[in-house]
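Take a look at the structure set out below.
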Amino acid sequence: MSIKTYSAKTQSTLSLSKNFTVSDFICKDGTDITPIDSTLVQMLQQIHDHFNKPVTITSGYRTISYNAKIGGESDSLHCKGMAADIQVTDVNPLDVCKYCMSAGFKGIGYYNASNGNITHIDTRTEACYWQRIDGKYIYYTAQNTPFAVPVVKPVVTPTKPVVTPKPTPKPVIKPTPKPLPQLRVGAKLSVSTNKVFPTLTSTKSSRILPLIGNYDVLAIKNGKILIGKGKVPTGYIVSGYKVIG
Ligand SMILES: [Zn+2]
């Protein structure tokens with residue numbers, strides 16, 4: 001911000017930028033002294049360059065008395081040479097507001113006025129956005145301002161999800177049960193272990209069978225072997241034997 005004071009009488013044709021002169025800013029009450037913020041001139045030139053259309057300043061600098069006369073806000077930045085109301089030829093003032101927002105300007109107002117809609121801009125550094133619709137002011141934050149241009153999200157083509165191949169489970173190798181030696185009734189059996197056979201269904205109840213020794217195979221039923229000494233059954237066994245004859 002750099003506010004310089006110019007003379008309407010002697011400097012009105014002084015060029016402030018490519019497209020703006022002092023005359024664009026002078027107070028409409030004919031006051032000679034005309035303060036103008038150079039930042040404001042830059043912003044206006046930026047708007048001009050963006051739209052490449054003439055930018056008309058409908059109200060630039062205002063003396064306090066002139067500002068009061070036209071019903072401006074008492075603390076109007078117009079009275080400091082820091083604000084301008086503008087119309088851009090053939091451009092909707094709301095679109096001008098949106099551009100100003102995208103350009104990072106902090107003071108932006110939209111007015112629907114009887115003499116045509118206008119855009120107000122100023123060089124404040126704290127964000128303030130507003131609209132004056134039918135004489136009523138509505139203020140906005142950067143989050144809810146209607147001047148914000150909606151961000152168009154790029155259409156994302158969904159990519160195929162990377163399919164991680166499931167590891168092939170290692171086949172569980174079941175140990176092949178050793179086949180029982182083939183038995184037949186009448187075979188001779190040598191039993192080498194003493195075991196508890198809780199599922200024994202035998203002529204004798206479950207217990208540790210003193211089986212070590214040689215037996216006769218008396219019967220084979222459901223994988224169980226009925227053994228005995230001579231014709232006397234001893235019990236069923238399922239392992240720990242070998243056929244000896
Ligand atoms: Zn204004």
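The values are calculated or read from the model by the stated rules, or taken from the named source; none is laboratory data. From a predicted model like this one, the values you see are computed outputs, not experimental measurements. With ideal geometry, Cβ positions are generated from the backbone for all residues, glycine too; neighbour counts draw on all protein chains shown.
At-a-glance table
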{"read-out": "Residue match in the range 52-64 (condition: within 13 Å of the ligand (Cβ to nearest atom), modelled with pLDDT under 95 and at negative phi)", "value": "no"}
{"read-out": "Single residue of 36, 57, 26, 86 found to be free of Cβ contacts under 8 Å to residues at least 60 places away in the same chain and more than 47 Å from the chain's Cα centre (by Cα)", "value": "26"}
{"read-out": "Qualifying residue in the range 39-51 (condition: within 17 Å of residue 116 (Cβ to Cβ), surrounded by 15 or more Cβ atoms within 10 Å (Cβ to Cβ) and in the same structural domain as residue 110 (by TED's automatic domain parsing))", "value": "yes"}
{"read-out": "Subset of the range 65-79 (residues that are over 40 Å from the mean Cα position of the chain (by Cα), within 12 Å of the ligand (Cβ to nearest atom) and not acidic (Asp, Glu))", "value": "67, 70, 71, 72, 76, 78, 79"}
